[in-house]
Structure formats: C-alpha cells, structure tokens
Amino acid sequence: MLLNDPLFILAAVLSLVVLGILLFGVGSFARGGEFNRRNANKIMRWRLGAQFVAVVVIVAFAYLRHRG
C-alpha cells in the first residue's frame with residue numbers, strides 16, 4: 001500500500017511544501033507592497049528549490065516502484 005511507503009509519504013509532504021510556498025508567494029504578490037518587492041524573487045527561488053527536490057523524489061519513487 002502506498003501509505004506505508006516512506007518515499008511516497010516524503011513525496012506527498014514535499015508536494016504540500018511546494019504548494020504552501022506557491023500560495024504564500026501568490027498571496028504576497030496579490031498584496032503587493034514593500035514586502036513583495038523585497039522578497040518576491042527569494043520566494044520564487046525557494047519554490048523552485050523545493051520543487052526540484054520534490055520532482056527528484058517523485059522520479060526516484062516511480063523508478064523504484066517500477067523496478068519492483
């Protein structure tokens with residue numbers, strides 16, 4: 001079962017982290033202001049880094065599951 005697989009759980013948690021960062025970035029962009037001007041690129045870099053890690057874990061999960 002997938003819920004017993006630690007790699008699946010890690011992939012799901014990382015996906016939720018990416019979603020959280022994305023929503024935070026969109027929210028700060030919508031509000032605008034000084035905070036957004038100072039931190040928009042930093043938030044985007046954090047999202048890209050988290051997204052990269054999540055994709056690597058998802059691909060590793062798919063590869064390992066396919067192999068057996």
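The numbers here are math on the coordinates, done by the rules we state, and not lab data. Since we're looking at a predicted model, the values are computed, not measured. Glycine also receives a Cβ, built like all others from the backbone with ideal geometry; neighbour counts cover every protein chain displayed.
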Neighbours by Cβ (under 7 Å, 6+ apart or cross-chain): first from the range 49-65, over 15 Å from PRO6 (Cα atoms); second buried (at least 17 other Cβ atoms within 10 Å of the Cβ):
ALA50/LEU14; ALA50/VAL18; ALA50/ILE21; GLN51/VAL18; VAL53/LEU14
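Go through the range 15-33 and give me each residue that's free of Cβ contacts under 8 Å to residues at least 12 places away in the same chain and either closer than 20 Å to VAL55 by Cβ or assigned to a helix (DSSP H, G or I) (or both).
Restricting attention to the range 15-33, the residues satisfying the condition of being free of Cβ contacts under 8 Å to residues at least 12 places away in the same chain are 16, 19-20, 23, 26-27, 29-33.
Scanning the range 15-33 gives LEU16, LEU19, GLY20, LEU23, VAL26, GLY27, PHE29, ALA30, ARG31, GLY33.
Suppose we filter ALA50, ALA12, ALA62, ALA54 for residues that are touching a Ser or Thr at 6+ places or on another chain (Cβ under 6 Å), assigned to a helix (DSSP H, G or I) and surrounded by 11 or more Cβ atoms within 10 Å (Cβ to Cβ); which single one remains? Steps first, answer last, please.
On the way: ALA50 fails: touching a Ser or Thr at 6+ places or on another chain (Cβ under 6 Å); ALA12 fails: touching a Ser or Thr at 6+ places or on another chain (Cβ under 6 Å); ALA62 fails: touching a Ser or Thr at 6+ places or on another chain (Cβ under 6 Å).
Sole residue among the options that is touching a Ser or Thr at 6+ places or on another chain (Cβ under 6 Å), assigned to a helix (DSSP H, G or I) and surrounded by 11 or more Cβ atoms within 10 Å (Cβ to Cβ): ALA54.
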